[in-house]
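Notes follow the structure.
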Amino acid sequence: METAADSKGERLLSKATAPAVAAELPLELRASAYVAFDVQQHDLRSAARVLLEKTGVGRFPSEETCGLEEFEADASIFRSFAARKRLAEFVAGDEEFLAAYERLVAAVLIPWLKQHVATLLGQAGPTSFSYQYPPTLRVQPGRSSEFKRPHRDAEYGHQAGELNFWMPLTNYSDMTKVTLWVESQPGAGDYEPLAIDYGSIAMFHGTLCRHKVPANTSPYTRVSMDFRIGIGDYFYPNWSLDGV
């Protein structure tokens, strides 16, 4: 089995020219944090349900009463690159879902980030941000032994000047009981679960800190959304990792 150390992305990264940033992202900004939002004002869960009904990657047992957790997803959606690509294409073309996402970023995350940066760095902190568009929607069917290996996002072409934002759209505590696990520092290996439910967003430095997803052995489907935000001049928007 391929490990993170010998993945294609890590090999490409070892030969790549680093992005031309003004400075490295300060260590203070790399620390994990959590953000809460009003699920009534920012109903990403309902928007995701409408989106999934269109995709053909699964079905809801009934039209109106089922929650996201009851989505009967095709097994391929978690393990097949082609299936995930198809889902990503639906996300990129769904104006309602994307509008809900952008409202969340503009109304909740950017104001929170500005305050967070100002608190940690003072007036020297950046005030401009570059957010991922479209975001990534992930679906993990239940009663499965499929998992995601530990990896860091640098191997997929993400920069150290980005921060990861991850949010569950399904019920973790009472239903799926499966979530993303993240190490505290690059290479520490001390993985801890992001034990949050819908209405909370976890921020972590996923470019360098490894993360993984265990198998979903529950009878429910796990759905989550993640994206990255580049922080001021610590991020170079024109850089990309060739070959990924």
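The values are calculated or read from the model by the stated rules, or taken from the named source; none is laboratory data. Nothing here was measured: the structure is a model prediction, and the numbers come from that model. Backbone-built Cβ (ideal geometry, glycine too); neighbour counts: all protein chains shown. What goes into the accessible areas is simple: the full protein's heavy atoms, side chains included, and nothing from ligands, DNA or RNA. Shrake-Rupley method; radii C 1.70, N 1.55, O 1.52, S 1.80 Å.
State to the nearest 20 debye the size of the charge dipole of the chain about its Cα centre, where the only charges are +1 on K and R beta carbons and -1 on D and E beta carbons.
500 debye
Would you please give the residues with an amide H less than 5 Å from that of V244, counting only those at least 5 places away or on a separate chain, with H modeled from the backbone geometry?
none
What is the total of Lys pairs in the chain with C-alpha atoms under 28 Å apart, excluding same-chain pairs fewer than 8 positions apart?
Going through the chain pair by pair, I get 15.
Could you work out which residue, out of H158, H116, H211, moves most in a Gaussian network model of the chain, that is, has the largest mean-square fluctuation with Cα springs under 10 Å?
Maximum among the listed residues: H116.
How much of the accessible area of segment 53-106, in percent, comes from carbon and sulfur atoms when a 1.4 Å probe is used?
Within segment 53-106, the accessible surface is 49 percent carbon and sulfur.
Cα convex hull of segment 164-216: mean projected area in nm², to one decimal?
For segment 164-216, averaging the hull's shadow over all directions gives 3.5 nm².
Give me a comma-separated list of calculated 3J(HN,Hα) values for segment 6-19, in order, Karplus coefficients 6.51, -1.76, 1.60 applied at θ = phi - 60°, integers in Hz, x for any Gly or Pro.
Per residue, the Karplus-derived 3J(HN,Hα) values read 10, 5, 4, x, 5, 5, 5, 5, 5, 9, 7, 7, 5, x Hz.
With the Cα gyration tensor of segment 1-74 giving a ≥ b ≥ c as the square roots of its eigenvalues, does the rule (a/c under 1.5 for rounded; else a/b larger than b/c for prolate; else oblate) give rounded, prolate or oblate?
oblate
Just the number please: accessible area per residue for the chain, 1.4 Å probe, all protein chains included, in Å².
50 Å²
What are the residues whose amide H is under 5 Å from the amide H of V21, where those residues sit 5 or more places off or on another chain and H is modelled from the backbone?
Residues meeting the criterion, in which the H sits 1.01 Å from N, do not exist here.
Mind pulling up the Rg/Rh value for segment 31-104? Radius of gyration and Kirkwood radius, both on Cα.
Using only Cα positions, Rg/Rh for segment 31-104 is 1.01.
Using the per-residue mean of other Cβ atoms lying within 10 Å as a proxy for protection, in what order, highest first, do the peptides 6-16, 102-112 fall?
102-112, 6-16
Quick one: 3J(HN,Hα) in Hz for segment 76-86, Karplus 6.51/-1.76/1.60 with θ = phi - 60°, rounded, Gly and Pro as x.
5, 5, 9, 10, 9, 4, 4, 5, 5, 5, 4
Remind me, relative contact order of the chain in percent, using alpha carbon pairs under 8 angstrom and six or more residues apart?
31 percent
Based on the mean of other beta carbon atoms within 10 Å per residue, what is the order of 145-156, 34-45, most packed first?
145-156, 34-45
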